[in-house]
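Peer 1: Here it is: the structure, laid out below.
Each value in this text was obtained by applying a stated rule to the coordinates, not by laboratory testing. What you see is a predicted model; the values in this text were computed from it and never measured. Quick reminder, even Gly has a Cβ in these numbers, built from the backbone with ideal geometry, and neighbours come from all protein chains shown.
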Amino acid sequence: MIPELGHIALILALCLALVQGVLPLVGAARGMPGWIALGPQAALGQAVLVAFAFGCLTYAYVTSDFSVLNVAENSHTLKPMLYKFSGVWGNHEGSLLLWILILVIFGAAVAAFGGNLPATLKARVLGIQGLIGVGFLSFILFTSNPFARLLPTPLEGRGLNPLLQDPGLAFHPPFLYLGYVGFSVAFSFAVAALIEGRVDPAWARWVRPWTLAAWCFLTIGIALGSWWAYYELGWGGWWFWDPVENASFMPWLAGTALLHSAVVVEKRDTLKSWTVLLAILTFSLSLLGTFLVRSGVINSVHAFATDPTRGVFILIFLVLVVGGSLVLYAFRAPVLQGVGVFAPLSREGALVLNNLLLAVACAAVLLGTLYPIALDAINGAKVSVGPQYFNAVFIPLTAPLVAAVAIGPLLAWKRGDLSAALRRLLPAAVAMLIALSIGLWLIDGRSFMALLGLGLTAWLGIGTLCELSLRLKLFAAPVSETLSRARHLPRAAWGMTVAHLGVALLVMGITVSETWQVEVQQVMKPGETVQVGPVQYRFLGVAPYKGPNYTAQRGRFEILEDGRVVHELRPAQRRYQQPPMETTEAAIRPSLLGDLYAVVGEGDAGRGWAVRLYWKPLVSWIWLGALIMALGGFLSLSDRRLRVGAPARRRSEAAAPAE
């Protein structure tokens, strides 16, 4: 009965989505207040219905109701409760329902917290959100019903993919979808602005919080996915330029450009047309990622193996959304003329450079991702575009971007003085020279990319602190004045500083871990010892082990420093019964200085076991940097001036700078 109630709730939600997608738009066009007022009510009602449906599916998973086909195919009574719960979105139908739930929650948030939006703009934004909801609710009801029954009811389910039975993958999809779907609000604001033919600083102020929230969630989601790949797949890496990894990275790049472009619209009332286009493209890239994951056109550990007919539905929906919005943009963009004028050497100019580099980098990733798919579709040729291409193209594009990040905040709006900005960055230049000297000494000039990474880290990290010290007049004013400035500095400014420091940490982690990583692959017998980086690994052997829903062969390594045992690592090879599958479980000893990483493979007591042992210096700084970037975003989001729902008496603050 409960699954049927969930199904009925989705049908009612589709009806409300149609109301939300049609009546407010008509009401805004014809000046009908009654129809305009239906938008928020329909958005809130839709959120309640979809949340109820999601709760029904969750109940079916938690109680192991195998009469539901989705539960029977993706759950098992022996699964730990965490993975019964996360199994709700560990499959195509459930993850799509989670996507829709987040979509309607964002729509309800606009309805609830958009009280200071003009009535017609709010109606149009909610109307566009409603039409997106119509597309996805139709998709789930007509092609991917999560409540379909299975008769006769089996006694046991098939179980969840063992690779997904992991805490990292339990939380990775919700954060990723919060990012993907969050950009739908920016898209709706952009289309609403095109319909009205008006983009102004107030519009940029309204759209920035939603974009920033989506960007923060997507940053966390990508970081969690990278962390999961690092410790769960057992291959020792953290990013492989997999098509599905790229599918999440491309909207992140476009969203980063959108954030910075919206600042120019807000401050200088220019770059309007470009900002609207970025909002459209960012959400379009999110939809493209959905198509790649669910269409069956790619093979990936991240992808859902689904019926290609579902991919056709998504492709049609993608064409309608992207094509329709771009056609509207082609007709209406000419009326979105900016009035602000600025010199190339200015804060605006730096942000334009930021946008250009991010856009080209995103295009390069898009080309490398889609080229093999397109070639296969055209003539059946099988080609692979791997890390070599992406590293060769992406790094040269992002290096000047990172360098410019330290300079841009020191330039004035409208017309800046580059020489003055560089003089203020003298400590950063000195730090960069020191970092380059240390790099030359450590690597003997063998890796230009390592030198580049060390130099950029020092330049950006110290440059960001220089910019903050100038804001606070550190060492240039009495301590009391500096403290007063720190207290009154807008949270958005603090957030920018924190986020840029996170980028510096991320670059440092990538550079050091990739340059000074030590890897040993060999066959070891119990009692043997091998030096890996600063420590020794002593192999103690392999023993059987039984988990809650798997059996395992677990190895043991003692970690020795100066002959003393300081830690023990226990990597394993697991064998799951339902569904039948073997996985590699790496053992990791993380620290801020570096990770000890061990993997045990096939073997026996006579011939020994194949092992892979690593020393990965500063690799944890990669995820620490990403989380600090997200923290900076949330800190900016807490700035009252960026909250859409600010009381009317504070609207006069809209002219104050947010960064």
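Peer 1: Within 15 Å, Cβ to Cβ, of residue 365, how many net charges do the neighbouring residues add up to if Lys/Arg are +1 and Asp/Glu are -1?
Peer 2: -2
Peer 1: Quote the charge dipole size of region 97-245 about the Cα centre in Debye, to the nearest 20; the model charges only the Cβ of Lys and Arg (+1) and of Asp and Glu (-1).
Peer 2: So the magnitude is around 560 debye.
Peer 1: Here's another thing I want to ask about it. How about region 369-417: which trypsin sites (Lys or Arg not before Pro) there are in a DSSP loop, with at most 14 other Cβ atoms within 10 Å of their Cβ?
Peer 2: Within region 369-417, the qualifying trypsin sites (Lys or Arg not before Pro) (loop, at most 14 other Cβ atoms within 10 Å) are 382.
Peer 1: What FRET efficiency would be calculated for the residue pair residue 442, residue 32, taking the C-beta separation as r and a Förster radius of 56 Å, to the nearest 0.05?
Peer 2: The formula returns an efficiency of 0.20 here.
Peer 1: Apply the Karplus curve 6.51 cos²θ - 1.76 cosθ + 1.60, θ = phi - 60°, to the phi angles in region 26-39 and return the couplings in whole Hz, x for Gly and Pro.
Peer 2: For region 26-39, the Karplus curve yields 5, x, 5, 6, 9, x, 10, x, x, 6, 4, 5, 5, x Hz.
Peer 1: Given the DSSP H assignment, sum -39500 (n - 2.57) over each helix run of at least 4 residues in the chain and divide by its residue total; what's the result at 222 nm in deg cm²/dmol, nearest 500?
Peer 2: Calculated from helices alone, the mean residue ellipticity at 222 nm is -21500 deg cm²/dmol.
Peer 1: Which of the listed residues, 151, 550, 512, is farthest toward the dipole's positive end in the chain, when Lys, Arg count +1 and Asp, Glu count -1 at the beta-carbon?
Peer 2: 512
Peer 1: What does the charge count around residue 342 come to, taking other residues whose C-beta lies under 13 Å from its C-beta (Lys +1, Arg +1, Asp -1, Glu -1)?
Peer 2: Net charge around residue 342: +3.
Peer 1: For region 107-177, which chymotrypsin sites (Phe, Trp or Tyr not before Pro) are both in a DSSP coil and crowded by at most 13 other Cβ atoms within 10 Å? Walk me through the numbers before you get to the answer.
Peer 2: Values: sites: 113, 136, 139, 142, 147, 171, 175, 177; in loops: 147.
Qualifying residues, ordered by number: none.
Peer 1: Here is a further query. Go through 79/546; 122/414; 122/272; 414/473 and tell me which ones have a Cα-Cα distance over 21 Å in this structure.
Peer 2: Over 21 Å apart, Cα to Cα: 122/414; 414/473.
Peer 1: Placing +1 on the Cβ of each Lys and Arg and -1 on the Cβ of each Asp and Glu in the chain, which of 608, 576, 460 has its Cα farthest towards the positive end of the resulting dipole?
Peer 2: The Cα lying farthest towards the positive end belongs to 460.
Peer 1: Based on the alpha carbon coordinates of the chain, what radius of gyration and maximum Cα-Cα distance (Dmax) apply, in Å?
Peer 2: Rg then Dmax for the chain, in Å: 26.5, 84.
Peer 1: In 5 Å bins starting at zero, report the fraction of Cα pairs in region 166-403 per bin as a rounded %.
Peer 2: 1, 6, 13, 16, 19, 17, 13, 8, 4, 2, 0
Peer 1: Mind checking the dipole of the chain: about its Cα centre, +1 per Lys or Arg Cβ, -1 per Asp or Glu Cβ, Debye to the nearest 20? Please report the intermediate quantities before stating the final value.
Peer 2: Numbers: 47 positive and 35 negative charges, 354 e Å.
Result for the chain is approximately 1700 debye, rounded to the nearest 20.
Peer 1: How charged is the neighbourhood of residue 2? Take every other residue with its Cβ under 14 Å from the Cβ of residue 2, and add Lys/Arg as +1 and Asp/Glu as -1.
Peer 2: Neighbour charge sum, excluding residue 2 itself: -1.
Peer 1: With N set to the number of residues, divide the alpha-carbon radius of gyration of region 518-618 by 2.2 N^0.38 Å and report two decimals.
Peer 2: Its radius of gyration relative to the 2.2 N^0.38 Å reference: 1.08.
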